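Trainee: I have a structure I would like to understand better, so I am pasting it below and will then ask my questions one at a time.
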Amino acid sequence: METQKPIPVIQPWTEEFWKATKQHKFLIQHCSDCGSHIFFPKKVCPECWSENMDWIEAGGKAEVYTFTVMLDMVEPKFMADLPYVLAMVDLDEGIRMTTRIVNCKPEDVFIGMKVELAFQDVSPECSLPVFQPADPSLRISAPTDEETAAAVSEIEQLPNPQNYQTIQYEIGGKNNAVCTITLNRPDKYNAINRRMATELIDAFRRVREIPAVGVVVLTGAGKAFCTGGDLEIFPSLAEHQNSLNWLSHEGLDVQRAIASCEKVVICKINGHCLAGGLEVALACDLIYARASAKMGTTEINMGVLPGWGGTARLPRSMPIFRAREIIFSGRKDYSAEEMYAMGLLTRVFADDEFESKFEEIVNNIAAKKPIALRMGKEIMARSVDGCDIETALAVERNGIQWLTYAPDVQAVMDQFRAAPDQLTHQQKQRNIASDIK
Ligand SMILES: [Zn+2]
C-alpha cells in the first residue's frame, strides 16, 4: 500500500542514510576530524566544516526529551493517524531528533521515557525511523489484519476529483486560469453534508497548488446555490459529542480552506442561498447574485445561530445594524436586490443577463497575473480582519515590492524606459497597462 503522505526527498548527501533505513538500520554521520556525531546528514561537519565524514550505526536506544500529542487540525493526509505523538528524543549517541512515538497510547508517553528504534515502511523506497517504548508493557499490540484493511479502505476513500460525489471540480477558461467548483446535490438544494464538506476542503486545498489558476468560481447545480447544512446530519443528543466536532470543525475548515486557497474566490449565487449556504458565500472574495435569488440566515428560527462563521462575518461584511436584522429576523426571502441595497453583495444582475455578465467579470479577473491576485487578496484580508493600519501598510509595501521586481514586470518597465520620446506619456501608460497581465 503506497502512502498518501509526503515522503522524504532524497539528496545526494542523504542517500546513504535513507538506503540504510530501508534495511532498518539507523546511520549517524561521524566526523573523522573532530569526532562529532551529526544528524540530520549534512554535506560538511557543522562543528569544524570538515568534509571528512563517515557513518556509524546507532544502537537505537533513546530517551524522550519532550513531546506533544496531535489531536486535531493537521493536514488531511495525516488525519487517519490522529491522535499521534510527535516527540524529540535524545539518542545514546548524543543526537537529538524529531520523530514519532508509536505502538504506545499517547497518555502513556512521558518525558524521560526510555524508547527504542522501530521502522515504518511507508513506500517501496522509504522507511521512516520512529520510536516505541523500551518497556514492552507500555506497548500496544500491532493492529490486526482486519484493522489494517479498514484503515487502508479509509485511505482509498480519501476524496480526489475522480471520486467526488457531491461537488464538481473543473479547470478551464483561457490559460486554464479558472477553476469552477459546483455544489452538486441539486435534489437536496445543494445542502452540505459531511461528504461535501470534506470534498470542498480537498478541492480548495488542491487548487491552491495550481499556479496557473487565478480565480475559483463557486456555484451550485440546479435551482439553488446552497440551502446550508443538510438537516440529516445535525446531531442527536447521543451523537452530540461526535457530531458537534463535525459541525464546528469541518464547517469552519471549509471557510478556512476558501480563505487560504490563495485564489480569488468568486461566489456565483444562481438561486436560493440560505443559512450555511450564505455563510459559505461570506467566506468568498466576491459575491454575484441572480436577481431572483432568495437569501437569508434561518438558523434562529430553530433557536440556534449561524455557526459556520456567519454570526461573526456578517457584521464585518455589511453595516452592522443591517446584519443584525438578517440574523435576528430569520427571514429566508431577502431578495438579491434587497441584500445588495443593504450593502452585502458585490453585484446583482437580471436573470436573463446574469450568465453573460458573470462570465465577462470572471474572464476579466482571470486574465490578471495570479500572484498579483493572490497578494491583493492577502493584503486586503489582513487590512480588514487582522491588524492595525500601519501593519497592513507594511504588508502592502512588501507585496508591492515583491510584485514589482518580478522579471516579467521589469521587462515591461524596461520597455517603458526605452520607449521613444515621441510617444506621449499617456501612450506609454496605455502600453504598460495592456502588457502587464
Ligand atoms: Zn568535525
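Just so you know, all these numbers are worked out from the coordinates, no wet-lab data involved. The shown structure was predicted, so the numbers you read here are calculated from the model rather than taken from an experiment. No Cβ is skipped: glycine too gets one built from the backbone with ideal geometry, and neighbour counts run over all protein chains shown.
Trainee: So what's the back-of-envelope 222 nm ellipticity for the chain, counting only DSSP H runs of four-plus at -39500 (n - 2.57) apiece and dividing by all residues, rounded to 500?
Mentor: Using -39500 (n - 2.57) per qualifying helix, the result is -10000 deg cm²/dmol.
Trainee: Using the Cα centre of the range 25-139 as the reference point, and only Cβ charges (+1 on K/R, -1 on D/E), how large is the resulting charge dipole? Debye, rounded to the nearest 20.
Mentor: Dipole about the Cα centre, nearest 20: 160 debye.
Trainee: Tell me which of W13, W308, I361 sits at the most positive position along the dipole axis of the chain, charges placed on C-beta atoms (Lys, Arg +1; Asp, Glu -1).
Mentor: Checking the options against the dipole of the chain, the answer is I361.
Trainee: Go through the chain and flag any cysteine with no other cysteine's C-beta closer than 4.7 Å, please.
Mentor: Taking the Cβ cut-off of 4.7 Å, the unpaired cysteines of the chain are C104, C126, C179, C226, C261, C273, C387.
Trainee: OK, next. Nearest 20 debye, what's the magnitude of the dipole of the chain about its Cα centre given +1 on Lys and Arg Cβ and -1 on Asp and Glu Cβ?
Mentor: 1580 debye
Trainee: Give me the percent relative contact order of the chain, please, defined on Cα pairs under 8 angstrom at least 6 residues apart.
Mentor: After rounding, I find 9 percent.
Trainee: If you don't mind, another one. Express the Stokes-Einstein translational diffusion coefficient of the range 1-130 in µm² s⁻¹, to the nearest whole number, given a Kirkwood radius over alpha-carbon pairs, 4 °C and a viscosity of 1.567 mPa s. Can you show the working numbers first?
Mentor: Numbers: Rh = 15.9 Å.
D = 81 µm²/s.
Trainee: Could I ask something else about it? How would you order 127-140, 283-296 from highest to lowest mean count of nearby Cβ atoms within 10 Å?
Mentor: Per-residue Cβ counts within 10 Å, averaged per peptide and sorted highest first, yield 283-296, 127-140.
Trainee: Here is a follow-up. When the C-alpha atoms of the range 53-127 are aligned to their principal axes, what extent does each axis show, in angstrom, from largest down?
Mentor: Cα spread of the range 53-127 along its principal axes, largest to smallest: 39, 33, 19 Å.
Trainee: Pairs of alpha-carbon atoms within less than 8 angstrom and 6+ residues apart define the contacts here; what relative contact order does the range 159-366 have, in percent?
Mentor: Values: 411 pairs, mean separation 37.8, N = 208.
Dividing the mean separation by the residue count of the range 159-366 yields 18 percent.
Trainee: Right, something else. Could the peptides 335-347, 106-118, 197-209, 378-390 be put in order, highest first, of the mean number of other beta-carbon atoms found within 10 Å of their residues?
Mentor: Averaged packing, sorted descending, gives the order 197-209, 335-347, 106-118, 378-390.
Trainee: Plugging the Kirkwood radius over Cα pairs into Stokes-Einstein for the chain, at a temperature of 37 °C and a viscosity of 0.692 mPa s, what D comes out in µm²/s?
Mentor: Rounded, D is 127 µm²/s.
Trainee: Report the one residue of I181, I140, V412 whose Cα lies farthest in the direction of the positive end of the charge dipole of the chain (charges on C-beta: Lys and Arg +1, Asp and Glu -1; origin at the Cα centre).
Mentor: V412
Trainee: I'd like to compare 29-40, 216-227: which one has the highest average count of other Cβ atoms within 10 Å, and what's the full order after that? Mind dumping the intermediate values first?
Mentor: On the way: 29-40: 15.4, 216-227: 23.3.
Packing order, densest peptide first, comes out as 216-227, 29-40.
Trainee: So how strong a dipole does the range 45-94 carry about its Cα centre when Lys and Arg Cβ are +1 and Asp and Glu Cβ are -1, to the nearest 20 debye?
Mentor: Magnitude of the dipole: close to 280 debye.
Trainee: From the P(r) of the range 362-422, can you give the percent of Cα pairs sitting at distances over 15 Å?
Mentor: Within the range 362-422, distances greater than 15 Å cover 61 percent of Cα pairs.
Trainee: Oh, and also: Return the whole-Å distance between the Cα centroid of the range 271-349 and the Cα centroid of the range 48-101.
Mentor: First find each Cα centre; the distance between them is then 48 Å.
Trainee: Rounded to a whole number of µm²/s, how large is the Stokes-Einstein D of the range 159-366 at 25 °C and 0.890 mPa s, given Rh as the Kirkwood radius over C-alpha pairs? All intermediate terms of the calculation are to be shown ahead of the outcome.
Mentor: Numbers: Rh = 17.0 Å.
Roughly 144 µm²/s, to the nearest whole number.
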